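First the structure, in the form of C-alpha cells, and then the observations on it.
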Amino acid sequence: MDREAPLTAVSQCQTAETEEGAAPPFKILAGQTTITVALAGQPNVGKSTVFNLLTGLNQHVGNWPGKTIEQKVGTYRQNGLTIHIVDLPGTYSMTANSLEEVIARDYIIKKRPDVVVAVVDAAILERSLYLVAELLPLPAPVIVGLNMIDVADREGRHVEPEVLQAALGVPVVPMVATKTQGVRELAETIDKLVRGDISYQPRCPQIQDDHQAVLDEILALVEPHVPAPYPADWVALKLLEGDGEITAMMRNALSEAVWEQVHDILMAHDDALVAVASGRYDWIGRMIRAAVVRPQVGQISLTERLDRWATHPVWGMGLLAGILAMVFWLTYAIGTPLQDALDTYVVGTLADWAGTLLANGPEWASRLVVEGVIGGVGTVITFLPILVIFFAALGLLEDMGYMARAAYVMDRFMHLMGLHGKSFLPLFLGFGCNVPSIVGSRVIESRRARLLTIMLAPLMPCTARMAVLAFLTPVFFGRAATLVAWGLIALNLVVLALSGIVINRIAFRGERAAFIMELPLYHIPNWRTIGLLVWQRTKAFFVRAGTIILTVSVIVWVLSVLPTGDMETSYLAQFGRLLVPLGSLMGMSWRTMVALLTSFVAKENSIATLGILYGAGEGGTTLATILGTALTPIAGLAFLIVQMLFIPCVSTVAAIWQESRSARWTLFNLAFLLVVSFGTSIVVYQGAKLLGWGV
C-alpha cells in the first residue's frame with residue numbers, strides 16, 4: 001500500500017517534553033481508497049460490540065491462518081473510503097504469554113494495519129490502559145475508543161476524554177457502544193487520522209531511569225541485526241522483559257559474540273522486567289490523575305452490590321442454578337410449541353408437496369426426497385426455535401458480564417476435580433458446542449489442567465444434544481419433559497465431576513492449580529451484538545444441516561433400502577442387528593443403535609436417522625408419534641442417557657486430537673466415554689426393569 005510518508009520500523013513515541021504543536025508525524029493516504037483498521041482490546045471491554053456496529057452483517061468469521069483462534073473481518077464505507085476492520089483476539093498485553101497475544105502483535109507488526117483502534121473500558125481504565133501502553137510504541141497509529149463511560153459514571157468514576165486525549169497525545173473517542181453512542185464519531189476520527197487532518201503525537205511510557213542506560217546499551221547492540229519489520233527499540237524492550245519469542249528470534253539473528261554481550265547484560269539486570277512494568281504503571285498513574293475523578297471513599301458501586309449475591313459461595317451457586325433452570329424452561333416453554341408448528345406446517349407440508357410433485361416419477365426418487373432428505377434434514381430444521389432461544393440466552397449472559405461470576409462461584413466445585421474456576425469458562429462454552437469448548441481451554445496456563453479440561457469437555461451437553469433432548473423428552477414423558485431434561489443435564493454434570501475426580505487422581509495424582517481471574521463490571525447488554533451472535537451461530541447450524549447432515553441422511557436412506565428395497569433386509573438392518581445384543585441390555589432396537597452410531601458425524605443425525613428408519617412423514621405421521629409407540633418410556637430414557645454421554649461428534653474428536661497433540665489421550669477419551677455412556681444406560685434400564693418402572 002503506497003503512502004505519502006510510509007511508516008518505518010520504529011516507534012512513533014515521543015516524551016512529554018516534545019514541542020507542542022508539532023506537525024503530525026505521518027499522513028497515510030496517498031490516493032488509495034481502501035485502508036485496514038485493527039481493533040484491539042482486553043476481554044470484556046465491548047470490542048465485539050464496536051466491531052458489530054461498524055460492520056453490521058458485512059463480516060466474515062473464520063480462523064487465523066494455521067490457527068484455531070477465531071478471526072473476524074468486516075467492512076464499512078466512510079467518506080469515499082472502504083475500511084476493512086480486523087477484530088484482533090482479546091488480549092491483556094502484547095507479551096507472548098498466549099497464542100492470542102502473539103497473533104495480535106504479529107498482525108500489527110507484520111501486516112501493518114493503517115490504524116489500530118484500542119477499545120478500553122472507562123470504568124476500569126487503569127487496567128485497560130496497560131494494553132494501550134504496549135500498543136503506542138508499535139508502528140501503527142493508535143486511536144483510543146473510550147467505551148462504557150456510562151458504566152463508569154454509575155460506578156462514580158468520571159473520565160474527561162479531552163484531558164485524556166491531551167495527556168496521551170492520541171485521539172480519544174468517548175463511547176457507549178451498547179447505545180450506539182460514539183460509533184459514528186469513531187469512524188470519523190479514523191477517517192481524519194488517515195487523511196492527516198488531526199495531530200498524532202503519542203506520549204509513551206518510559207522505562208525507569210535506573211534502567212534507561214541498560215536499554216540504550218542493548219538497543220545499540222541489537223539495532224543493526226533486528227529482522228524487518230520489527231521496531232528495534234521495541235525489540236530491545238522485549239528482551240529486557242524476557243519475552244520468550246523475541247529472545248529466541250534475536251538469539252538466531254545475532255552472532256555468537258554479540259549474543260553473549262546481550263545475554264551478559266540481561267543476566268546482570270534480571271530485575272529489568274520490574275523496571276519496564278513500573279514505568280508503564282507510573283505512566284498509567286499520570287494519565288489517571290489527569291483525566292479521572294474517582295468515587296468518594298466508602299461509596300459502594302452497583303457491581304459491588306450485585307456481586308454480594310452473584311459471587312457468594314452459597315447464594316451465588318443458587319443464582320447460577322436458577323439462571324440455568326430459567327434458560328432451559330424458556331427453551332421448552334417457548335421453543336417446543338414453535339418446534340411442533342414447524343414440524344406440522346412446514347416440514348409436513350413440504351413432504352406432502354414433494355410427494356405429490358414426484359408422484360408420477362420413479363418411486364425411488366420420491367422416497368429419496370420425502371424420506372431421505374425431508375425426513376432427515378427436515379426434522380433437524382425443527383430444532384431452530386430451541387437453538388435460537390438457547391443461543392440468545394448464552395449471548396445475553398456473556399454480554400452483560402455474568403459469565404465470569406459463574407466461573408468464580410464454580411471454582412470451589414472445580415477444585416474437587418483438581419481444576420479451577422477458569423476451566424469453567426471453556427467448559428460452559430460446551431453448552432453451545434464442544435469444539436470451541438476444547439479450543440477455549442487454551443486460556444488455562446497449566447498443561448495438566450488444560451488436558452483434564454479437554455478430556456471432560458465432551459461431557460458438556462452441547463446445543464445439538466440439547467436439541468435432541470428437547471425433541472425426545474416430550475415424546476416419552478409428556479408434561480414431565482422439563483423435569484426429565486433437567487435431570488439428564490444434571491446427570492451429565494455429575495458424571496463430569498466424578499470423571500474429573502477419577503482421571504485427576506489416577507492420571508495426574510491429584511494435583512491442583514491456582515486460580516486468578518478478572519471480574520468485569522456489569523453493563524447493559526447490546527441487543528444488536530446478541531442478535532448478530534445468534535444469527536452467526538444459527539447460520540452455521542443451517543450450513544451444517546445443508547451439508548453434513550444432508551449427506552449422512554442420504555447415505556443412511558440408501559443403506560436402508562439396498563439391496564432389496566425392504567428396510568428389514570437392508571444393509572443397514574444387517575449391520576444394526578449385530579448390535580442388538582448390546583442394545584437389548586438397554587431396551588433398544590437395531591434402529592436406535594444405528595441412530596446412535598450416525599450421531600458420531602453430527603449429534604442431530606440421530607434424529608434424522610430415526611426419522612428415516614421409522615418412516616417419518618409417510619402418510620402424514622410424525623416421528624414423535626411413531627417413537628411414542630415404538631419405545632417404552634424407560635427405553636427412551638436409556639437412549640437419551642447414551643445420547644447425552646456418548647462419544648462426541650467427529651469435529652470434537654478432531655479438536656481433542658489437535659489440542660492435546662496425543663493420539664493416546666484421544667483414544668482414551670473415546671474409550672472412556674463409550675464405557676461411561678453404555679454402562680450408565682444399562683444400569684438405569686436394568687434397575688428400572690427390576691423395579692418394574694416404565695418397562
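The values are calculated or read from the model by the stated rules, or taken from the named source; none is laboratory data. Being a predicted model, the structure only gives us computed values, none of them experimental. FYI the Cβ positions are ideal-geometry reconstructions off the backbone, even for glycines, and counts take in every protein chain you see.
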Among the numbered conditions (1) at pLDDT below 90; (2) in contact with a Cys (Cβ under 9 Å, 6 or more places away or on another chain), tell me where A133 comes up short. (1)
Every residue in region 572-603 that is assigned to a loop (DSSP other than H, G, I, E, B) and closer than 17 Å to V683 by Cα, please. L585, M586, G587, M588
Residue within region 400-407 that is of a type outside the set (A, V, I, L, M, F, W, C), surrounded by 21 or more Cβ atoms within 10 Å (Cβ to Cβ), at pLDDT 75 or above and within 22 Å of the chain's Cα centre (by Cα) present: yes
Residue that is in contact with a His (Cβ under 9 Å, 6 or more places away or on another chain) and among the β-branched types (V, I, T), where the choices are V262, V258: V258
From the list E100, E134, which one is surrounded by fewer than 21 Cβ atoms within 10 Å (Cβ to Cβ) and closer than 19 Å to P43 by Cα? E100
Can you tell me which residue in region 45-67 is modelled with the highest pLDDT, limited to those that are crowded, with 17+ Cβ neighbours inside 10 Å and either at positive phi or β-branched (V, I, T) (or both)? V50
How about region 411-429: which of its residues are closer than 23 Å to P525 by Cα and modelled with pLDDT of 70 or more? F424, P426, L427, F428
Single unsatisfied condition, A635 versus (1) surrounded by 14 or more Cβ atoms within 10 Å (Cβ to Cβ); (2) of a type in the set (A, V, I, L, M); (3) within 27 Å of the chain's Cα centre (by Cα); (4) over 16 Å from T453 (Cα atoms): (3)
Of the residues that sit in region 662-673 and are aliphatic (A, V, I, L, M) and farther than 14 Å from N492 by Cα, which one is surrounded by the most Cβ atoms within 10 Å (Cβ to Cβ)? L670
Within region 107-126, track down each residue that is touching a helix residue (DSSP H, G or I) at 6+ places or on another chain (Cβ under 9 Å) and in a helix (DSSP H, G or I). I108, I109, A122, A123, I124, L125, E126
Got a number for residues in region 102-148 being of a type in the set (V, I, T) and more than 18 Å from L54 (Cβ to Cβ)? 6
Would a scan of region 3-10 turn up a residue that is of a type in the set (S, T, Y) and either at pLDDT below 60 or within 21 Å of E398 (Cβ to Cβ) (or both)? yes
Checked V435, V443, V370 against criteria (surrounded by 20 or more Cβ atoms within 10 Å (Cβ to Cβ) and either hydroxyl-bearing (S, T, Y) or modelled with pLDDT under 70 (or both)); the one match is V435
